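Read the structure below first, then the notes.
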Amino acid sequence: MSVALEVHTCSRCDRESLIYQPYSGLHLCGTHLVESVRKRVSKSLRKQLILPKNSIKSIGRPFRVLIAISGGKDSAILLYFLHSILGSRRDVELIAGVVDEGIDGYRSPSIDCAEELCSMIGVQFERISYPDLSFPEMDNVVESLPKISENNFEAKGMMPCSFCGVFRRQGLNSLANRIGADVMALGHNLDDVAQSVLMNLQKGEVDRTARLAPHTTQPIEGLAPRIVPLRWIPEQEIHAAAIHLNLPIHHGDCPHAGGAMRQRSREIIATIEKDIPGSRHGLVQSMDRIRELAIDSKNPSSIQSCQRCGEPTSRPVCQSCTMKEWFE
């Protein structure tokens, strides 16, 4: 016996619904979903991106925004809407940057998608690889991980994502320095941010939660301030909007991501959100409140400069230098 699927109409028009928002109770067609995403990105930009009235006069050049892209749905939507909203401003320069981690069969096709989108909308494309930074490629990291864990107590139990996250941040910092970026835009969606808050709370790392982007009001010395215009938009809506807009995106999953802590946090967040719609928003709001309390308490920043490379860090020698030493 077949069961007929109920087809809903968009809450804004007569078109067929593409997605349902449990937290708002709205059904949205593709057109109105894209409109909804754009409005939320614009609202986040007004709060997070503080632009000079005329940067060409005030700093002698356009205000540069580095957009971190990967070829996936989140960064594609980020680049598309930042270009749509800011692309016509002569005093703002958008530059897209990708970090090549060296993952065979995964990174190359995703970089092709990223470069295709940049070409479509006319945005400058920059690229940097782990070897450019004197880091091993991720495929080599995974191959060496058993020996690294055996020889270094601190590395025991570390998953590939632990290394990739550290190296990737260094790559983005290097790209920002290369182009002289005033701000860096990251494609973290609502699910990503909620997962980060949960993982930090699980480990008791409240300070790390307070340092999560956006850094508009509390920039970290030595780093281009991060903004996260997609932080209030669920992953499912971003994916649906990217498909509706027919953006070139890579759909594959990283072959080294299995077993990472974020995967487990993703499952937990999805379960909580299904049972109590709006839970993701509540976690992100909690993060903002933690940041406000940290600012109000006037606690001194734990950020310092790495004794070896000079990059900002919360420890005498940064994690990337420590990891690099393991491989040497």
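The values are calculated or read from the model by the stated rules, or taken from the named source; none is laboratory data. Values in this document were obtained by computation on a predicted structure and should not be read as measured data. Here Cβ is always computed from backbone atoms with ideal geometry, including for glycine, and neighbour counts include all displayed protein chains.
Looking only at the range 241-250, count how many residues are more than 18 Å from the chain's Cα centre (by Cα) and assigned to a helix (DSSP H, G or I).
So the answer is 2.
Select from the range 17-57 the residues that are touching an Asp or Glu at 6+ places or on another chain (Cβ under 7 Å) and farther than 11 Å from residue 229 by Cα and write down the one among them that is surrounded by the fewest Cβ atoms within 10 Å (Cβ to Cβ). Break it down stepwise before answering.
Applying the first criterion (touching an Asp or Glu at 6+ places or on another chain (Cβ under 7 Å)) to the range 17-57 yields 19, 29, 33, 37, 54-56.
In the following step, the residues that additionally are farther than 11 Å from residue 229 by Cα were identified as 19, 29, 33, 54-56.
Details: 19: 21, 29: 21, 33: 24, 54: 11, 55: 19, 56: 13.
In this case the residue turns out to be 54.
Only one residue in 252, 259 is on the phi > 0 side of the Ramachandran plot and not acidic (Asp, Glu). Which one?
Details: 252 fails: on the phi > 0 side of the Ramachandran plot.
Exactly one residue qualifies, and that residue is 259.
Hey, among the residues in the range 192-240 that are in a loop (DSSP other than H, G, I, E, B) and among the small types (Gly, Ala, Ser), which one's surrounded by the most Cβ atoms within 10 Å (Cβ to Cβ)?
Looking at residues that are in a loop (DSSP other than H, G, I, E, B) and among the small types (Gly, Ala, Ser), I get 224.
Can you report the number of residues in the range 58-87 which are outside any loop (DSSP other than H, G, I, E, B), surrounded by 17 or more Cβ atoms within 10 Å (Cβ to Cβ) and of a type outside the set (A, V, I, L, M)?
8
Does residue 81 satisfy the criteria of being aromatic (Phe, Trp, Tyr), within 13 Å of residue 179 (Cβ to Cβ) and at pLDDT 95 or above? Explain how you work it out, then say what you get.
On the way: aromatic (Phe, Trp, Tyr): yes; within 13 Å of residue 179 (Cβ to Cβ): no; at pLDDT 95 or above: yes.
Taking the combined requirement at face value, the residue does not satisfy it.
Name the single residue that is modelled with the lowest pLDDT among those in the range 217-265 being among the acidic types (Asp, Glu) and within 25 Å of residue 106 (Cα to Cα).
Taking the candidates together, the pick is 253.
Only one of these conditions is not met by residue 314: (1) at pLDDT 85 or above; (2) more than 16 Å from residue 198 (Cα to Cα). Which number is it?
Tallying (1) at pLDDT 85 or above; (2) more than 16 Å from residue 198 (Cα to Cα), residue 314 fails exactly one: (1).
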